[in-house]
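Undergrad: Just dropping this structure here.
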Amino acid sequence: MKQTLHIFTIILLTAGPTHACQPCAESFDWIETARSADVVVVGRKLDESAEEDAGGPDWIDLMVDDELIGTAISEVVRVNSWDGMCPYGVQINGREPHIVFLKSANLSRTRAHYTAVAQGCGAKALPIVDDHVVVNETRIPVAQFLEQLRQVVE
């Protein structure tokens, strides 16, 4: 019994802190996300942090090609990506342009200028492929998408 208790104590003391990703209580579609965003841009991933905890990079650097809603703080912005093993921020694979929905972040807490809207429970980044924005596997011509975006936020 004493040996079992000793082994159990060692396991408790040496186990690292556990963290489960919180599921979204509700998810925003791209329309609700756009309405809640501080900034919506067309951007391309330039770089990402080398630190990868359990999921992905801590942040990505985003080249702002065009500002659709609001004004980005600079031409290149740092965007929160992963928080440990949880994808609460913006994840972009590759260097293709994306429509990116951003919320201003607390730099001291996240080391980033922006993070995802609704703690990642909304649309984060929609890829632009062959002059079409891809929304849930539906391809919308960029001009049509931008018109819908303008109507949504008016």
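A short reminder: the numbers here are calculations on the coordinates, not readings from a lab. In this text, all values refer to a predicted model and were calculated from it rather than measured experimentally. Every residue, glycine as well, gets a Cβ built from its backbone with ideal geometry; the counts of neighbours run over all protein chains shown.
Undergrad: Using the count of nearby Cβ atoms within 10 Å as a rough guide to exposure, how do VAL76, VAL41 rank from fewest to most? Let's see the in-between values first.
TA: Numbers: VAL76 14, VAL41 27.
Ascending number of Cβ neighbours within 10 Å: VAL76, VAL41.
Undergrad: Moving on to the next point. Enter the Cα centre distance for the pair the stretch 62-79 and the stretch 83-134, rounded to the nearest angstrom.
TA: For the stretch 62-79 versus the stretch 83-134, the Cα centre distance is 12 Å.
Undergrad: What is the distance, in nm, between label points placed 7 Å from the Cα along the Cα-to-Cβ direction at THR138 and at ARG150?
TA: In this crude label model, THR138 to ARG150 measures out at 2.1 nm.
Undergrad: Something else about it: Using the 10 angstrom Cβ neighbour count as an exposure proxy, how do HIS113, HIS132, HIS98 rank, fewest first?
TA: With the sparsest Cβ surroundings first, the list reads HIS132, HIS113, HIS98.
Undergrad: Within a 10 angstrom radius of the beta carbon, how do SER81, SER49, SER27, SER74 rank from fewest other beta carbons to most? Spell out each step's value before the answer.
TA: Values: SER81 27, SER49 16, SER27 13, SER74 9.
Ordered from fewest to most neighbouring Cβ atoms within 10 Å, SER81, SER49, SER27, SER74 come out as SER74, SER27, SER49, SER81.
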